[in-house]
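A.B. asks: Okay, here's the structure, questions in a sec.
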Amino acid sequence: MTPLRDVWRSIVRRDPLSTDKGKSELVFLNLWLHIHPAKVKRENFKLKHTWYLGFITFYLFLILVTTGVALMFYYRPDAPQSYQDMKDLQFVVYLGSFLRNMHRWSAHGMVICVFLHMCRVFYTGSYKAPRQFNWVIGVFLFLLTLGLSFTGYLLPWDQLAFWAITVGSNIGGYAPLVGPRLKELLLGGHAVGESALLRFYVLHVAVLPSTMILLTMVHFWRVRKDGGLSRPVWKLKPAAAGPLVRIGAPAPAEAALVVVPASQDKTYGLMEVVTGKPIFETVTAEEEEDTVFSYPYAFFREAIALMATVTSVMAISLFWQAPLEELANPAKTPNPAKAPWYFLGLQELVSHSALLGGVVVPALAVLGLLAIPYLDTNPSRRPADRKWAIRAFTLFVVVNVVLIIIGTLFRGPGWALVPPWVHVSGAE
Amino acid sequence: MKRRSWLGWGTAGLVALWSAVGVSLGAVVRFLTPSVFYEPPQSFKIGNPADFSFGPPTFLAEEKIFVFRDREKGFAVASAVCTHLGCTVGYFQDDQRFHCPCHGSVFAGDGAVQHGPAPRPLEWFEVTLARDGQLRVDKDHVVPAAYRLMV
């Protein structure tokens, strides 16, 4: 057995997992695991702190990449062949409709989870120093998620696809100065056609996913470099409990120097002095005790979250079919022509004014989101200390949800206001 | 190397580098702009005048136009593309207006916006008689709503 063990040892160069050293080495000698710290604070496992939304979003992205690559084996970005390929996936290809369902429902799930994750980070104040820039990266990841959804639903080349892209690219055309140019670049022509399909395909399967992967890597790396997950808000002590003494700061005159008697059996040496503020939230000695090894505690919980995500998506995909409308028909706009639910808030805005609702308001909303960590300089993360920030963000969330509900349930043919309990005959 | 010449060459190098970046970005944008558009021509024949009936307009799906023919006034061609976000409008004979299904814009019979988010009236295209006697529509020539071709 020695040769086999030698092979194993050549691959896995760490001590046995029964030892603390082995548990640490499992994490930091492994390319895939070393994004974790070797030890994690126990309080960060608390479900009601993070709801594991970042993990779930990442797992949904993994499902999307896997099922997406599978779908690519049977899909040609060529109108109207694309639509025939979708029909093949639905009725002919083994597991085709199941994989397509998984892809579609994970995409919807990802939009929801990214948004909820953003809410979680806001309400726990986790965008505050030193994590401001990671919030900015997060906003870009949110926009990329929407971009991937948008480019994705053109690909089936059905009626929804065709008219959603027609409306979407025309909204882009309203952008000041660059609008018409932007529209032409996006479509590779002057109307939605074969070149637009090819462009959206390349964006969907190559450009946007690779950007997404790069930014996700930066996002995760920054989480570690900014001091790990933020502490749960209920662990935070009220501010101004006592004067904060910082390294390098002049000590208050009345503060007596604490002198610790030197131990007789230890050698002391000054290792290094780092000036400036510590970027990490201060951890006291008793809290330091409350950490556990990532293996197995963190990995176990991540595995549970992964399995729960995959099983849920599979279960949903068994029972609900991803929609596919009729073949794209440039001559006939469906009535009402609705985008997928997550864009119906935008469509509701656009139905009042294309320039204001489609360009100005969304651009201001994105700029506002990006600016949050720089505008909100209140250092406290405790909800009691930041009532106005919480009210403002809640208003933003409520407006979004209400617009989506109006667009989804209260708009009928010709975008007329129709309550969901009224049936309009003749609507398609 | 002297400090002065080092600074000079360094500045020149930086300028060259940034120019190269700028030129490359321009090249990328130009590359993504097709040199040839394989799209249907903007000017096309739609058939003989006799093919079109009086009364309700004829909708040509491929071209996205409405062809109006009136006994007294003659021919007129309206665009079926909503000026808001490009959905295809429908002409309703009962109220003689154009309705857009996407966001509820309503255009009067002459194309003027009556309701909804559309920023401009529907376009009317020049229609002429080609040499072979067919009607020719030119989408590059937008004409006033009052434009008519008598045949």
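The values are calculated or read from the model by the stated rules, or taken from the named source; none is laboratory data. What you are looking at is a predicted structure, and each value in this text was computed from that prediction instead of being measured. As a convention, Cβ positions derive from the backbone with ideal geometry for all residues, glycine included, and neighbour counts pool all protein chains shown. The area values use the complete protein model at the heavy-atom level, side chains included, leaving out ligands, DNA and RNA. Shrake-Rupley method; radii C 1.70, N 1.55, O 1.52, S 1.80 Å.
A.B. asks: Let me spell it out: the conditions are (1) outside any helix (DSSP H, G or I); (2) of a type in the set (A, V, I, L, M); (3) in contact with a strand residue (DSSP E or B) (Cβ under 8 Å, 6 or more places away or on another chain), and A:Ala79 meets all of them except one. Which number is the exception?
C.D. replies: (3)
A.B. asks: Exactly one of these conditions fails for B:Gly47: (1) open to solvent by 50 Å² or more (accessible area, probe 1.4 Å); (2) away from chain A (no Cβ under 14 Å). Give me its number.
C.D. replies: (1)
A.B. asks: Does A:Leu53 count as closer than 26 Å to A:Thr124 by Cβ and either touching a Gly at 6+ places or on another chain (Cβ under 6 Å) or open to solvent by less than 40 Å² (accessible area, probe 1.4 Å) (or both)?
C.D. replies: Yes.
A.B. asks: Counting just the residues of the stretch B:105-122 that are within 14 Å of chain A (Cβ to nearest Cβ) and open to solvent by 50 Å² or more (accessible area, probe 1.4 Å), which one comes out farthest from B:Leu85 (Cα to Cα)?
C.D. replies: Among those that are within 14 Å of chain A (Cβ to nearest Cβ) and open to solvent by 50 Å² or more (accessible area, probe 1.4 Å), it is B:Gln114.
A.B. asks: While we're looking at this one, here's another question. Filter the stretch A:1-16 for residues that are in a loop (DSSP other than H, G, I, E, B) and not hydrophobic (A, V, I, L, M, F, W, C); which is surrounded by the most Cβ atoms within 10 Å (Cβ to Cβ)?
C.D. replies: Restricting to residues being in a loop (DSSP other than H, G, I, E, B) and not hydrophobic (A, V, I, L, M, F, W, C), the top hit is A:Arg14.
A.B. asks: I need the strands (runs of 3 or more DSSP E) fully contained in the stretch B:85-151, keeping only those with at least 1 residues that are closer than 30 Å to A:Ile406 by Cβ and in the same structural domain as B:Gly55 (by TED's automatic domain parsing).
C.D. replies: B:90-92, B:97-99, B:113-115
A.B. asks: Determine if the stretch A:323-331 includes at least one residue that is within 8 Å of another protein chain (Cβ to nearest Cβ), open to solvent by less than 40 Å² (accessible area, probe 1.4 Å) and at pLDDT below 90.
C.D. replies: yes
A.B. asks: A further question on this structure: Can B:Leu60 be described as aliphatic (A, V, I, L, M), surrounded by 22 or more Cβ atoms within 10 Å (Cβ to Cβ) and either within 25 Å of B:Phe44 (Cβ to Cβ) or without any contact (Cβ under 8 Å) to a residue 12 or more places away in the chain (or both)?
C.D. replies: No; evaluated as a whole, the condition is false for this residue.
A.B. asks: Taking the residues in the stretch B:88-104 that are touching a strand residue (DSSP E or B) at 6+ places or on another chain (Cβ under 8 Å) and within 9 Å of another protein chain (Cβ to nearest Cβ) as candidates, determine which candidate is surrounded by the fewest Cβ atoms within 10 Å (Cβ to Cβ).
C.D. replies: Checking each candidate, the answer is B:Gly90.
A.B. asks: In the stretch A:180-202, which residues are part of a helix (DSSP H, G or I), in contact (Cβ under 8 Å) with a residue 12 or more places away in the chain and among the small types (Gly, Ala, Ser)?
C.D. replies: A:Ala196
A.B. asks: Same structure again: Identify, please: which residue in the stretch A:17-49 is part of a loop (DSSP other than H, G, I, E, B) and surrounded by fewer than 10 Cβ atoms within 10 Å (Cβ to Cβ) and is, among those, nearest to the chain's Cα centre (by Cα)?
C.D. replies: A:Trp32
A.B. asks: Just to be sure, is A:Gly345 in contact with a Gly (Cβ under 7 Å, 6 or more places away or on another chain) and at pLDDT 90 or above?
C.D. replies: yes
A.B. asks: From the list A:Val401, A:Val350, A:Val359, exactly one residue is modelled with pLDDT of 95 or more and aliphatic (A, V, I, L, M). Which is it?
C.D. replies: A:Val401
A.B. asks: Among the residues of the stretch A:134-179, write down those that are surrounded by 20 or more Cβ atoms within 10 Å (Cβ to Cβ) and outside any helix (DSSP H, G or I).
C.D. replies: Result: A:Tyr153, A:Leu154, A:Leu155, A:Pro156, A:Trp157, A:Asp158, A:Tyr174.
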